[in-house]
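A.B. asks: The structure follows.
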Amino acid sequence: MEEGTIVLLEDDKSAREIISDMLERGFPKLKVVAFQRGDDALDFLFESNAPVIGIVSDLMMKDFDGIDFLAAIKKHPRWAYLPFIFLSGADYSVFQNLINQYKIASFLAKPVKEEVLIQSVQEHFLHRRRRVS
């Protein structure tokens, strides 16, 4: 029985709902906690005891983009190990250096296909978790 929480950060409401639904359908035993703003997601991570197993985040957002969010997470020892899946409509090559610097688990192009998202979460969040446990 899989249990855990996936944090979803996406500033577009429609995309956030669609991606959240995809994750909930694909992983009914996991909890998806979705946020529009990076600072709200950080507050959740730093204030809760949720068993977070990974983060799915939009890359380009207003005010607090995905790289800023990732950098803040990596500074915190409790969350620094979490695998990240970035979603973006931008070309991967634009961000390749930053993404390689932070060792991102996966980069998925928007609009993301459900089967691709599910496979990536399975590979990077659940399989990794089994290896670490």
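A.B. asks: Restricting to the range 41-77, name every residue that is assigned to a loop (DSSP other than H, G, I, E, B), within 26 Å of Pro111 (Cβ to Cβ) and hydrophobic (A, V, I, L, M, F, W, C).
C.D. replies: Residues satisfying the conditions are Leu59, Met60, Met61, Phe64.
A.B. asks: Residue by residue through the range 37-51, note down the ones that are surrounded by 15 or more Cβ atoms within 10 Å (Cβ to Cβ) and not basic (Lys, Arg).
C.D. replies: The answer is Gly38, Ala41, Leu42, Phe44, Leu45.
Each row is one residue, and each column tells you yes or no for (1) in contact (Cβ under 8 Å) with a residue 12 or more places away in the chain; (2) of a type in the set (S, T, N, Q); (3) more than 20 Å from Gly4 (Cβ to Cβ).
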{"site": "Val32", "(1), (2), (3)": "yes, no, no"}
{"site": "Phe44", "(1), (2), (3)": "yes, no, no"}
{"site": "Ser48", "(1), (2), (3)": "no, yes, no"}
{"site": "Ile55", "(1), (2), (3)": "yes, no, no"}
{"site": "Asp68", "(1), (2), (3)": "yes, no, yes"}
{"site": "Ala80", "(1), (2), (3)": "no, no, no"}
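A.B. asks: Which number in (1) touching a strand residue (DSSP E or B) at 6+ places or on another chain (Cβ under 7 Å); (2) of a type in the set (A, V, I, L, M, F, W, C); (3) closer than 17 Å to His124 by Cβ; (4) assigned to a loop (DSSP other than H, G, I, E, B) marks the one condition that Ala80 misses?
C.D. replies: The failed condition is (1).
A.B. asks: Return the total of residues in the range 45-67 being within 11 Å of Asp11 (Cβ to Cβ) and in contact with a strand residue (DSSP E or B) (Cβ under 7 Å, 6 or more places away or on another chain).
C.D. replies: 5
A.B. asks: Restricting to the range 1-40, count the residues that are among the acidic types (Asp, Glu) and within 22 Å of Leu108 (Cα to Cα).
C.D. replies: 6
A.B. asks: Looking only at the range 1-21, count every residue that is within 13 Å of the chain's Cα centre (by Cα) and in a helix (DSSP H, G or I) and tell me the total.
C.D. replies: So the count comes out to 3.
A.B. asks: Condition test on Met22, is it over 22 Å from Gly4 (Cα atoms), among the hydrophobic types (A, V, I, L, M, F, W, C) and either free of Cβ contacts under 8 Å to residues at least 40 places away in the same chain or crowded, with 20+ Cβ neighbours inside 10 Å (or both)?
C.D. replies: no
A.B. asks: When you check Ser14 against the structure, is it more than 13 Å from Phe125 (Cβ to Cβ), modelled with pLDDT of 90 or more and exposed (fewer than 12 other Cβ atoms within 10 Å of the Cβ), yes or no?
C.D. replies: yes
A.B. asks: Any idea which residue in the range 86-133 is surrounded by the fewest Cβ atoms within 10 Å (Cβ to Cβ), counting only those that are hydrophobic (A, V, I, L, M, F, W, C) and at pLDDT below 80?
C.D. replies: Only one residue tops the list, namely Val132.
The values are calculated or read from the model by the stated rules, or taken from the named source; none is laboratory data. Please read these numbers as outputs of a predicted model, since none were measured by experiment. Cβ coordinates were reconstructed from backbone atoms using ideal geometry, including for glycine residues, and neighbour counts include every protein chain displayed.
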